[in-house]
Amino acid sequence: MAGAKRPMERREDDRLILRVSGLKTYFFTTEGVTKAVDGLDFEVRKGEVLGLVGESGCGKSVTALSILRLVASPPGRILEGRIEFMGKDLLRLSDREIRKIRGSKISMIFQDPLTSLNPVLRIGYQLSEVFRYHKGMDRMKSLRESIRMLKTTEIPSPEERVKNYPHEMSGGMRQRAMIAMAFACEPSLLIADEPTTALDVTVQAQVLKLMKEICREQETAILLITHDMGVIANMCQRVAVMYAGRVVEYTNVFTLFSEPAHPYTEALLKSLPRLGAKRTRLDSIEGQPPQLHRLPPACPFEPRCEYSAARCKEEAPGVTCLREGHEVRCHYPINGKKE
Amino acid sequence: MLRYICIRILSMIPILLGVSILVFATFHLVPGDVVDIMMGDEVAGDPKVLMELRKELNLDKPVYLQYLYWLWDAVRGDLGKSFTSGKPVMEEILHRLPVNVELMIIAIAFVILIGIPMGMLSAYKQFSFLDGIVRVATIMGYSIPNFWLATIVVLLGSLYFRWLPVLQYVPFSENPLENIKCMVIPGFVLGLTTLSYIVRMTRSSVLDTLRQDYVRTARAKGMTEKLVLFVHVLKNSLIPVITVLGIQIGVLIGGLVLTEEVFVLPGVGRLILLAIEQRDFMIVTGSILFIASVFVVINLIVDIVYAFLDPRITY
Ligand SMILES: Nc1ncnc2c1ncn2[C@@H]1O[C@H](COP(=O)(O)OP(=O)(O)OP(=O)(O)O)[C@@H](O)[C@H]1O
Ligand code: SF4
Ligand SMILES: [Mg+2]
């Protein structure tokens, strides 16, 4: 949405790190075409944490993978759009050029640290790979750097830990090792795809705090993908709410909680347990999640929307800018503060 | 790791004991005793000579003592003497063993050096023309029976086209080049089924590994495809392949007898076949005990290789 207008800003905003505009990533399977990401726009600025929320299957992970061009192909394909990172369109880079960016300027943390680490290679080896590949260090030097990196993630006795295999570490420690790997080359952008979902609740908070600290130190921007509204409130400045492969609401975190404008956002917030309750995951909202290969012709949220009107069935809603920095894709945005 | 190896070596002892009991039992499951069998339908020899023979074989002692004597001899490498040639069984085996070892090495070399790279390539270029060819070739490879292929190769090769030395075995020590010439094709025929199997196994294992999260992580770190394939995929995808290879070695050993017979190679397999014909009981049991022990040792080696590949194995 943000990319659609304000052509003037493009030059002015030197704090802009990532601008995704009109991104479409489809999967071509035997059952038909799954439009996992279907015209997506958002921006990330220097040092900012942008949250990406939405139900399971709405295309969050595919968005993350598309940015680094890691979508499995076949069946996936990025059909169109631009992913501008520090002025360069990542979709137009050669394989070699995008490899130079992966893991150094843009790095990624995945949901399950156990399956994301190679089970037959030592942690030290997997970490030092980054230094060797991107910084051309030799074996000894890269191992020293790996130990230093593990130290910053507060893993106890890192000199011993580098000799461990992933299965010899706890879940929290494995994710710390992943974080060390991600921050090894001081990236400008970190993409974290549900980095704490697989961890114990107590460990979750520690890992988030750690990410926040290193990011502040290194001035890294984060694209934080999560189900968890609590994590959003805790970490993010701006939030993009995704539904069926598109951003339906895009605003700062305060407005999101106090004045949600899209009916889907409102439903998400309603489904949250009240303040004080422990769990703040969005489990269910009314109705069936959308089926990406059989979407309603106009507004994809229409079958579940309590504000739906005749127009919603006929005409796809465009982007409305309610005020500077608050955009919504709906014919009838909700207005007025909530109690 | 060292501890694991020691434990595995110690755990071989009961297996070998079991094997030895089985082999020993065959002495006693047959009606009469070994000496009767040896003599067969022939007119019984001089009773005095027979008594002497029975004494030499400890047949006049209680069964458990017989077993212990026999086992103690076997442990020291004495498997008794052949009834027909009078030479020690061990000597007869060791004399022919080089043929088998060479056949096995050639077959396994084909399996590993061709099978694994071919499987990897086939997986990496999934659904390509090359993958298609490999698929057809491997299906043929394991549906063609070994004995048929061996016979056809011998017939066509040596009788019609004359590009095979006509079933003339040359020992390696005499002429290495000629020796390898006459062993390569039998070795290949022996390994073909296993080769096809390993290609398919490697292909599916690599495909499976390529889908794993850690491969995505490696790519997200900026690794080149070559590094991803050889560092992150290879070792993981070899783990199931090694397991299958370990089982397949047993199949290969079984195939030796047939390969030797068709290609007229003087190996242990033919020794056993001949001994069965001549009712040379000591050779039969001795060779079987020997082969079973070799198989147990090979399994041990496979297990150790496996532990080296997969650190998750708990010792
Ligand atoms: N490799 C693939 N092949 C086919 N379809 C895929 C593939 N990967 C993702 N999809 C489809 O793309 C859609 C979006 O998936 P994605 O993983 O981005 O969801 P998500 O928002 O990350 O969900 P979750 O919260 O469960 O992680 C899904 O409907 C899925 O069916
Ligand atoms: S466009 Fe209509 S159906 Fe869609 S979210 Fe808005 S009000 Fe609901
Ligand atoms: Mg996901």
Subject >> Whole-Hz ³J(HN,Hα) from phi, Karplus 6.51 cos²θ - 1.76 cosθ + 1.60, for the range A:27-36, glycine and proline x >> reply: 10, 9, 10, 5, 7, x, 8, 9, 8, 5
Original post:
Mind checking the dipole of the range B:97-199: about its Cα centre, +1 per Lys or Arg Cβ, -1 per Asp or Glu Cβ, Debye to the nearest 20?
Top reply: 260 debye
**OP:** Could you do me a favour and compute the accessible area per residue for the protein assembly as shown, 1.4 Å probe, result in Å²?
**Re:** 49 Å²
Original post:
Do any residues of the range B:215-239 lose at least 50 Å² of accessible area when the full set of protein chains is present rather than just their chain alone, and if so which, with a 1.4 Å probe?
Top reply: B:216, B:217, B:220, B:221, B:222, B:223, B:231
Subject >> the range B:96-265: mean projected area of Cα convex hull, nm² >> reply: 11.2 nm²
Original post:
Which residues' amide hydrogens lie under 5 Å from the amide hydrogen of residue A:227, considering only partners 5 or more residues apart or on another chain, with H built in the peptide plane?
Top reply: none
Original post:
Using a simple spin-label model with points 7 Å from Cα along the Cα→Cβ vector, what separation in nm is obtained for residue B:73 and residue B:313?
Top reply: 3.7 nm
**OP:** Could you tell me which of B:132, B:253, B:159 has its Cα farthest along the dipole of the range B:96-265 towards the positive end, charges placed at Cβ (Lys, Arg +1; Asp, Glu -1), taken about the Cα centre?
**Re:** B:132
Subject >> With eigenvalues of the C-alpha gyration tensor scaled by 5 and rooted, chain B, Å >> reply: 44, 27, 14
Original post:
Spin-label point model (7 Å from Cα, Cβ direction): what's the residue B:302 to residue A:93 distance in nm?
Top reply: 4.6 nm
Original post:
On full extension of the chain, what length is gained from residue B:95 through residue B:12, given 0.36 nm per residue of separation minus the C-alpha to C-alpha distance?
Top reply: 27.3 nm
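With r defined as the distance between the Cβ atoms of residue B:22 and residue B:244 and R0 fixed at 25 Å, what FRET efficiency is calculated, to the nearest 0.05?
Efficiency at R0 = 25 Å is approximately 0.45.
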Subject >> Dipole moment magnitude, nearest 20 debye, the protein assembly as shown about Cα centre, only Lys, Arg, Asp, Glu C-beta charged >> reply: 2520 debye
**OP:** List every residue whose amide H lies under 5 Å from the amide H of residue A:246, counting only residues 5 or more places away in sequence or on a different chain, with H placed 1.01 Å from N in the peptide plane.
**Re:** A:38
**OP:** With springs connecting C-alpha atoms under 10 Å apart, model chain A as a Gaussian network and identify which of A:250, A:165, A:264 has the largest mean-square fluctuation.
**Re:** A:165
Original post:
Based on the Cβ-Cβ distance from residue A:148 to residue B:130, what FRET efficiency comes out when R0 is 35 Å, to the nearest 0.05?
Top reply: 0.20
Original post:
Where does the range B:229-315 land on Rg(C-alpha)/(2.2 N^0.38 Å)?
Top reply: 1.47
**OP:** Convert 25 °C to kelvin, take the viscosity as 0.890 mPa s, use the Kirkwood radius over C-alpha pairs of the range B:172-274 as Rh, and evaluate the Stokes-Einstein diffusion coefficient in µm²/s, rounded to a whole number.
**Re:** 149 µm²/s
Original post:
Rounded to two decimals, what is Rg over Rh for chain A when you use alpha-carbon atoms and the Kirkwood radius?
Top reply: 0.98
Subject >> Estimated distance in nm for a label pair at residue B:181 and residue B:63, the labels positioned 7 Å out from Cα along Cα-to-Cβ >> reply: 5.5 nm
Original post:
Mind checking the dipole of the range A:83-151: about its Cα centre, +1 per Lys or Arg Cβ, -1 per Asp or Glu Cβ, Debye to the nearest 20?
Top reply: 360 debye
Original post:
Per the 1.4 Å probe, what fraction of the accessible area of the range B:70-150, in percent, lies on carbon and sulfur atoms?
Top reply: 73 percent
Subject >> GNM top mover of A:217, A:259, A:302 - chain A, alpha-carbon springs below 10 Å >> reply: A:217
Original post:
Once phi is turned into ³J(HN,Hα) by the Karplus curve 6.51 cos²θ - 1.76 cosθ + 1.60 with θ = phi - 60°, what whole-Hz value does each residue of the range B:133-150 show in order, with x for glycine and proline?
Top reply: 4, 4, 4, 4, 4, 6, 4, 4, x, 9, 9, 6, x, 3, 5, 5, 4, 4
Subject >> Size of the protein assembly as shown as Cα extents on the principal axes (Å, biggest first) >> reply: 119, 57, 50
**OP:** Please determine, in degrees from 0 to 90 and to the nearest 10, the orientation of helix B:268-277 with respect to the longest principal axis defined by the Cα atoms of chain B, where the helix direction is its Cα long axis.
**Re:** 40 degrees
Original post:
Looking at the range A:1-138, what % of the alpha carbon pairs are farther apart than 20 Å?
Top reply: 55 percent
**OP:** Can you figure out the FRET efficiency of residue B:3 with residue B:173, using R₀ = 35 Å and their beta-carbon distance, to the nearest 0.05?
**Re:** 0.30
Original post:
What full-extension length gain, to one decimal in nm, is calculated for residue A:100 and residue A:141 as 0.36 nm per residue of separation minus the Cα-Cα distance?
Top reply: 12.7 nm
Original post:
the range A:301-334 to the range A:111-171: how many Å between their Cα centroids?
Top reply: 47 Å
Original post:
Mind checking how much accessible area A and B bury in total, 1.4 Å probe, in Å² rounded to 100?
Top reply: 2000 Å²
**OP:** Provide a whole-number value for the mean count of partner chain Cβ atoms within 10 Å of the Cβ atoms in peptide A:111-123.
**Re:** 5
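The values are calculated or read from the model by the stated rules, or taken from the named source; none is laboratory data. Just so you know, these numbers come straight off a predicted model, no measurement behind them. Cβ atoms come from the backbone with ideal geometry, glycine included; neighbour counts cover every protein chain shown. Please note that ligands, DNA and RNA were not included when accessible areas were found on the heavy atoms of the full protein model with its side chains. Shrake-Rupley method; radii C 1.70, N 1.55, O 1.52, S 1.80 Å.
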